[in-house]
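Written below as structure tokens is the structure these notes are about.
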Amino acid sequence: AGTGVLPGRLLAQEPISVAGIYTVPVEQQWVSRIHKAAEAAKADGQITYTFSENTANTDYPRVMREYAESGAKLIVGEIFGVEQEAREVVLDYPDTAFLLGSSFMPDPAYPNLAVFDNYIQDASYLSGIIAGAMTESGNIGMVGGFPIPEVNRLMHAFMAGVREMTPEAEFQVSFIGSWFDPPKAKETAFAMIENGADLLYAERFGVSDAAQERDILAIGNVIDTQEEYPDTVVASAIWHFEPTLQAALAKVADGSFEADNYGVYSFMKHGGCSLAPLGTFEGKVPQAALDLVAEKEAAIKSGEFTVEIDDTEPTSS
Amino acid sequence: MTHEDGAQDTVLRLTGITKRFGALTANDDISFGLARGEVVALLGENGAGKTTLMNILFGHYTADAGTVEVFGRALPPGQPGAALAAGVGMVHQHFTLADNLTVLENILLGTRPLWAPGLGRAAARQRVAQLSRDFGLAVHPDARVGALSVGERQRVEILKALYRDARILILDEPTAVLTPQETEALFETLRRAVAQGLSVIFISHKLHEVTAISSRVLVLRHGRLVGEVATARTDRHRLAEMMVGAEISAPAPSVARPGAVLLELDGVETEAQGNATGLRGVNLALRAGQITGLAGVSGNGQGALADLLSGLAAPSAGRMTLGGAEVADWSPRAAVAAGIGRIPEDRHRTGTIADFTLTENAVLESYARQPVSRRGWMDRAEARRRAEAIIAAYDVRCPGPETRIRLLSGGNMQKLILGRVLEAAPSIILANQPVRGLDIGAVTYVQERLIAARDAGAAVLLISEDLDEVLALSDEIRVISEGRLSPAFPRGSRSPAELGQWMAGHGFDDAA
Amino acid sequence: MTEIVEILLSASFWAAVLRIASPLIFATMGELICERAGVLNLGIEGIMVMGAFAGWMAVYAGLGLWPGVLFALLAGMAFGAVHAVLTVPFGLSQHVVGLGITLLATSSTYYAYRLSLPEVTSPPRIEPFQPLEWPLLERIPVVGEALAAQTALTWLAFAVVVVVALVLYRTPLGLALRAAGENPQAVESQGLSVTAIRMGAVIAGSGLMAVGGAFLTMSAFSSFFFEMVNGRGWICIALVVFGAWKPGKALLGALLFAGFDALQIRLQQTGLGQIVPYQVFLMIPYVLSILALVLMSRRAEVPAALMTPFNRGDR
Amino acid sequence: MRLEPIAAPTPARRLGLPALALAATVVLASGLSMLAGADPLATFGQILQGAAGSKFALLETLNRATPLIFTGLAVAVAFRAKLWNIGAEAQLYAGALVTVVIGTQTGLPGPLAIPAMALAAVVAGGLVLLGPVLLKVRLGVDEVVTTLLLNFIMALFISYLLEGPLKDPMGMGWPKSPALPRDARLPRIVEGLRLHWGFVLALICALGVWVMQTRTTLGYEIRATGLNPQAARFAGIPVGRVLVKTALISGGLAALAGFSEVAGLKGNLTADLSPGFGYTGIIVAMLALLHPLGVVVSALFVAGIFVGADSMSRAAEVPSYIADILLAAALLFMVLAILLTRVRVVRG
Ligand SMILES: Nc1ncnc2c1ncn2[C@@H]1O[C@H](COP(=O)(O)OP(=O)(O)OP(=O)(O)O)[C@@H](O)[C@H]1O
Ligand SMILES: Nc1ncnc2c1ncn2[C@@H]1O[C@H](COP(=O)(O)OP(=O)(O)OP(=O)(O)O)[C@@H](O)[C@H]1O
Ligand SMILES: [Mg+2]
Ligand SMILES: [Mg+2]
């Protein structure tokens, strides 16, 4: 917010037109963070914002073109499934800035395409430390949608955090093959609880519900759901898309937008992720864990410590 | 007696019934009445409009003009429920039974309010048993209808009407699929019911039945009521004339000149198919220039023998030789290639493809060969030429070769099948129930053609449940019973009664 | 192997089986009714989505749980009515209409959702059905425990099977329904309206499908998500065939399918889970369903008039 | 009520009713956008603009129609034989899969690779449908269920391959296959726009299927088998073999949709290659009354409505789900309208 007077004044005069294109409904955790950041910027009068959700990858390039044709200055979205085609579109609209979730690195051949991803392993790692302190059985259940990098890297960071407190911890990992099947996620979580898990890593909707029903704990991911599960969700690793968006808007505003990797804006040192406040669990987490969290957080921010990024598919141990 | 008077006596009155289907007038201003305890026969060629009229009376169709009165009260048009409630029962030309239900369930269908809590099976079963006894209609109430023979199904249809206390019963060709014995049993039933006050409208193409059961005959031609006569004052010839508008004489076959054996079965057995009997140790020789008639009560292995000759089934034991060579790789296609012409029993289900045109139906058995096709490409002009030739030569009445055959009457369908089979100049002809359900004109025509084929040197196997037909056409007769064949009986060597004995299973070697 | 036996002996496994089966049971019974009357209802998937939304939304808007179920039922019947009008009196292709209804119900549900909750990013939760209290039942090991873990809706699902079976085989209505799917002429010639019976079946069946969907948001889970029905409706189409159009066998099929599903979830955590890709586990229910179909319902009796429209006065 | 065929429908009826169906769709579109607070009068123009208002829009519509023509033909061929193939989705993925495997693993040069990929796709798709058909012919197992369930199994199988053996090592972990080499891609028809030669191939296939159905003995056999298998068998048509041939053709056509999407559009395989093209193919085929040339028209109709309505949702800023509502409504209106051109509703 305090990034200087100049862009703020410019923006106040002329909101930047932003369009979002998402392949899933905006309820999906990952997309919801982008959507929320954009809605906030819109509420501030900084941007105009319109979006298309649940766009099939087949239709994605067409929608990109339509928004570009209609004069959007910045297009945000995710092109994990259409990397190649999206790049062709980008070349055709050099005056439009594209800020897209992508697995690939920026490429000067596509000067108006900047990439990002939810690199919130820092916060996941810290949430893992808390989980490691809270688990009694040392058995942790993790239910994921699909083993894609965005999911895997957070799981690995979380597991690394857990091991800081409970080196011998065991993990049960399952993927349900769907982004939206809370009943199935819940059943899978139940099975893990029966199998000894006393803490769940809630990557999908439905997992915290199972934890709540069985009176065990859960760790949130990407979004903060403690308000809905006050006695269940201990901590959450939260993604803040705002720094990413703001950085891009600033560049669009001053005309310096270029091929770049905005992934770093999801790092903790840029404020792109954080551990949610303990809230209802204030005072219930062992001090040793909190101390370690504080220590690691400082180290991460200062650059002394980096959480490893591991995109491989995690397995049960 | 006349029926214009006696209002209290008249249970049913149709007045000015007219029904059009597009350009065709199926019923044209038809009026008549039916008295209590009377059996009226409705006669007419295929397509004359008999079924249509009955469908209007029963509420399946709505007439374009005219009224139906039952017991003095007008029936609301288009409501079978109202006709049923008024005491009208109908046995349809094509069965209206649900195969997945039991006899009892079919009878009970629609007899209670839909929202009633139960079916009242126990009481109904008793009632059905009582009716079965009273009218001599033996069926097992808990048998699945799908497993019943046609004769049994016919009885269920009649029971359906009786169960509802029908006082007017419409029978649309009830005997078309019955054996003579079954027909006689049905008539016995009807006479009993009529004596109790039932009134009947009876439709049949078989004139001897009409004369046997009815007291009055109405004749329809091209949708119009063209004649009315008391049965006692007419005879079969006169009736036939009234129907067709010309004199008809049954074909009188000349003396046969049997030739070489073209097909021989030697100790052939086939597998039973579900309820249907297989063949048991059958010996049969079909000779050129001879009609062999197969008599028997339906379900005794006629189907198995027909399937064998059609190529649908192969012998499980024994030898089958064609022109002296034992057959291998037996299939319908092989049968056609071997020169067997096959007239199937069921023209609707096996003989034709309803939604194919006449042209397409005409080449069903020859589409894969030259000249109708070459290397997988069909010659449509050639197919059409063939259809046109058959239509012309066999007097198939139709709007044209590109009409869907569904729209033809059964008789005309049968003529097309006959043409398709005979045009291929088969050396052996399997004619399975070739005239079932046809009007007398069509019957005569088909029979003449079969005789002509025989005279041209074909070996003909005629399968029929109509003993009269078998006796009239066959040069020699074989009786089939429980999958076994009787010895060959030359024409005139056995009386109908003697054949009846064989049909009942007496005289076979292994009969107890 | 011992792991599988252990799983099969645990009450929680059977509790999961019943939970997973419940929505399938409702929807399968719904589809079964339609098909028994002669109408293939491919609208099932969309109607389930809509039922899931309608029931949940009704509760969120302040209605009670049971009124919510009723609301879902009525909403399902409304879409069923559209299906019925198009496929029965008009005799339109049941494939097109069914898939069209699925698309229509799904997309209008999403549209309605987006219009009614534009600002919310995670959908609100409701207080769902809770397991019934059964002080005695709970003490019976395995079976009792598994039953005691169920909500009233699961019990209702089983009750629906009993009711459907009773109606089909013990009442005049059921008789008419079964006949309508086999030979509509038989129904018509006994003075009943084929159209009314078929339409009634499609409407009632669609209502049940919607309740099946509502189970997901009101018992299995507590809020509505897009795409959460996730192909369950298609499974029910398979279950009807698997069950040879008989309620009891279809119930068995639903339980088997749910059993395979509950089993694969648990197998993923056994030693097998280390070596076998997770997709193989997810495949188990489908592969075993095909196998079971091959073994069990060979040449089942299809309602003879299924997918054949009936128009009075046609031959 | 009851339906009575009309002997000779007037041109007014034949054109007016479908037009009415489109008008009803537009009215619905207006109503729905009004609900969302948009200008109800603008919708018609916006849909038209989005579907065909520019070269870009028009070519996008053709592009969206391409896979639908293939799957529509696949369904039309199968349904003619009363082979209820609900599994075009699985066959599509099978085609896409072998396209990628051949294109990336064999190192064939482009001019050889493209036909090889297409051919292999056809074979693969045919084989996928062969299983259910053999089960049907040999054991009487209902193919609706087996083909339907195979869709789920195939989706999981593809997911496994994309996360395992077929994962692009350069893909940074995202589950997708390696991309086809440039020269193994189908060329674009218009430079700079997405429409590719897959569309032309689809048209050729439609023509081919039409010729096959009307001029060849196989077409005759397929229709006979579908209309009355009992009579067909009696006449000597080898019904089982005909069904197998039908399966190979139908599965092959559906697989060409996968081939065309991969080689023409995407360049690689992802698990979300098809947004339900296999299922939409059923709609396309039935809307065309199973006529192969009609399939082209109905695929264009379906694609046009979807592309136009989707674009309208952005222009009017209403939730994008409106596109599917309008597509579904247009379909239902249209099948009803087409019926009513041929029959009239009478009382009784
Ligand atoms: N549903 C219908 N649609 C169109 N035309 C029909 C229909 N039913 C009957 N017809 C027409 O009515 C005429 C009379 O048919 P109907 O079935 O009444 O004849 P029928 O006397 O019963 O013949 P058959 O002796 O062969 O049973 C037919 O020639 C036919 O063209
Ligand atoms: N859908 C239809 N449209 C028009 N006419 C029809 C239709 N169906 C049947 N017909 C007509 O009805 C008449 C009688 O048909 P029907 O099927 O009763 O013949 P049929 O001789 O009784 O045959 P079968 O006894 O073998 O059933 C025929 O003249 C035929 O032209
Ligand atoms: Mg008749
Ligand atoms: Mg007749």
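None of the figures in this text is laboratory data; all of them are computed from the coordinates on show. Quick caveat, the model's predicted, so the values are computed rather than measured. Neighbour counts are summed over all protein chains in view; Cβ atoms, including those assigned to glycine, are modelled from backbone coordinates with ideal geometry.
Here the contact order of segment B:354-424, divided by its residue count and restricted to Cα pairs under 8 Å and six or more residues apart, works out to 39 percent.
Grab the alpha carbons of segment B:4-146, take their convex hull, and tell me the volume per residue in Å³.
It is 161 Å³ per residue.
Look at where the Cα atoms of segment D:145-173 and of segment B:276-319 average out, and the two centres are 56 Å apart. Extent along the principal axes, Cα only, for segment B:203-360: 58, 41, 34 Å, with the longest axis given first.
In this structure, B:R236 and D:L119 have a Cβ-Cβ separation that, at R0 = 51 Å, corresponds to a calculated FRET efficiency of about 0.15.
Binning all Cα-Cα separations of segment C:131-221 at 5 Å, short to long from zero, yields these whole-percent fractions: 3, 12, 16, 16, 13, 11, 10, 8, 6, 4, 1, 0. Arranged from fewest to most other beta-carbon atoms within 10 Å of their beta carbon, B:I30, A:I120 become B:I30, A:I120. Scalar couplings 3J(HN,Hα) for segment B:435-452, obtained by applying the Karplus form with A = 6.51, B = -1.76, C = 1.60 to θ = phi - 60°, are 10, 4, x, 8, 6, 5, x, 5, 4, 4, 4, 4, 5, 4, 5, 5, 5, 4 Hz; x denotes Gly and Pro. Rounded to the nearest 5, the antiparallel percentage of DSSP beta bridges internal to the protein assembly as shown is 40%.
The mean of 1/r over all distinct Cα pairs in chain C, once inverted, gives the Kirkwood hydrodynamic radius of 20.1 Å. Axis angle, to the nearest 10 degrees, between helix C:172-182 and the longest C-alpha principal axis of chain C: 80 degrees.
Place +1 on the Cβ of every Lys and Arg and -1 on the Cβ of every Asp and Glu in segment C:185-315, take the dipole about the Cα centre, and give the residue among C:P303, C:V202, C:F257 whose Cα lies farthest towards its positive end. It is C:P303, whose Cα lies furthest towards the positive end.
Over segment C:1-112, the reciprocal of the mean inverse Cα-Cα separation, the Kirkwood hydrodynamic radius, stands at 15.7 Å.
Shape descriptor for segment B:10-244: Rg over Rh equals 0.96 (Cα atoms; Rh from the Kirkwood inverse mean 1/r). Between segment C:111-130 and segment B:451-489, what is the C-alpha centre distance in whole Å? Their Cα centres are 79 Å away from one another. The spread of Cα positions in segment D:66-288, taken along each principal axis and listed from longest to shortest, comes to 58, 35, 31 Å. The helix-only estimate of mean residue ellipticity at 222 nm for the protein assembly as shown, built from DSSP H runs of length n ≥ 4 each weighted as -39500 (n - 2.57), is -16000 deg cm²/dmol after division by the residue total. Under the convention that each Lys and Arg Cβ holds +1 and each Asp and Glu Cβ holds -1, the size of the dipole of chain C around its Cα centre is about 600 debye.
Inverting the pair-averaged 1/r between distinct Cα atoms of the protein assembly as shown gives 35.9 Å as its Kirkwood hydrodynamic radius. Hydrophobic long helices, here whole DSSP H runs in chain D with Kyte-Doolittle means of at least -0.5 and Cα atoms spread over 24 Å or more along the helix axis, are found at D:11-35, D:55-80, D:88-105, D:110-134, D:143-163, D:197-215, D:239-260, D:292-315, D:322-342.
Our summary gives chain D a relative contact order of 36 percent, counting only alpha carbon pairs under 8 angstrom and 6 or more residues apart.
Taking amide H as placed 1.01 Å from N in the peptide plane, B:R20 has its amide H under 5 Å from the amide H of B:A26, B:D64, each at least 5 places away in sequence or on another chain.
On the basis of the beta-carbon distance and an R0 of 22 Å, B:R374 and D:V211 show a calculated FRET efficiency of 0.90. Do any trypsin sites (Lys or Arg not before Pro) in segment D:246-348 lie in a DSSP loop with no more than 10 other beta carbon atoms within 10 Å, and if so, which? Loop-located and lightly packed - D:R347.
Using r as the Cβ-Cβ distance of D:R14 and B:F21, and R0 as 22 Å, what FRET efficiency do you calculate, to the nearest 0.05? E(calc), rounded to 0.05, equals 0.50.
Report the one residue of B:W377, B:I391, B:L422 whose Cα lies farthest in the direction of the positive end of the charge dipole of segment B:354-424 (charges on C-beta: Lys and Arg +1, Asp and Glu -1; origin at the Cα centre). Of the options given, the answer is B:W377.
Other residues within the sphere of radius under 11 Å centred on the Cβ of A:R204, judged by their own Cβ, net out at -1 (K and R +1, D and E -1). For A:I16, the residues whose amide H sits under 5 Å from its own are A:I47, A:T48, ignoring neighbours fewer than 5 places away on the same chain, with H placed 1.01 Å from N. Annotation: extensible slack from B:H140 through B:V226 equals 26.7 nm (criterion: 0.36 nm per residue apart, minus Cα-Cα distance).
For chain B, the dipole from Cβ point charges (+1 on Lys and Arg, -1 on Asp and Glu) about the Cα centre works out to 840 debye, to the nearest 20. Shown for segment D:66-288: lysine pairs separated by 8 or more places, or found on different chains, whose C-alpha atoms are under 23 Å apart, numbering 6. Taking one quarter of the surface of the C-alpha convex hull of segment B:368-512 gives a mean projected area of 11.2 nm². Remark: spin-label model distance B:F71-D:K55 equals 8.2 nm, labels positioned 7 Å along the Cα→Cβ axis.
Determine the dipole magnitude for segment B:354-424: charges of +1 sit on the beta-carbon of Lys and Arg, -1 on that of Asp and Glu, nothing else is charged, the reference point is the Cα centre, and the result goes in debye to the nearest 20.
I would put it at about 120 debye.
Multiplying the residue separation of B:H506 and B:Q126 by 0.36 nm and subtracting their alpha-carbon distance yields 133.3 nm. When the Cα atoms of chain B are aligned to their principal axes, the ranges along those axes come out at 71, 57, 49 Å in descending order. Segment A:249-317 and segment B:353-399 have Cα centres separated by 79 Å.
Between the listed residues B:G16, B:N300, B:I440, the Cα displaced farthest toward the positive end of the dipole of the protein assembly as shown, a dipole computed from Cβ unit charges relative to the Cα centre, is found at B:I440.
Residues whose amide H falls under 5 Å from that of B:G323, counting only those 5 or more places apart or on a different chain, are B:L263, B:E264, with hydrogens built in the peptide plane.
Taking the longest Cα principal axis of chain B as reference, the axis of helix B:150-163 is set at about 0 degrees. Between 0 and 90 degrees, the angle of helix C:152-170 with respect to the longest Cα principal axis of chain C falls at about 30 degrees. For segment B:10-244, what's the relative contact order in percent, using C-alpha pairs closer than 8 Å and at least 6 residues apart? Reported relative contact order: 28 percent.
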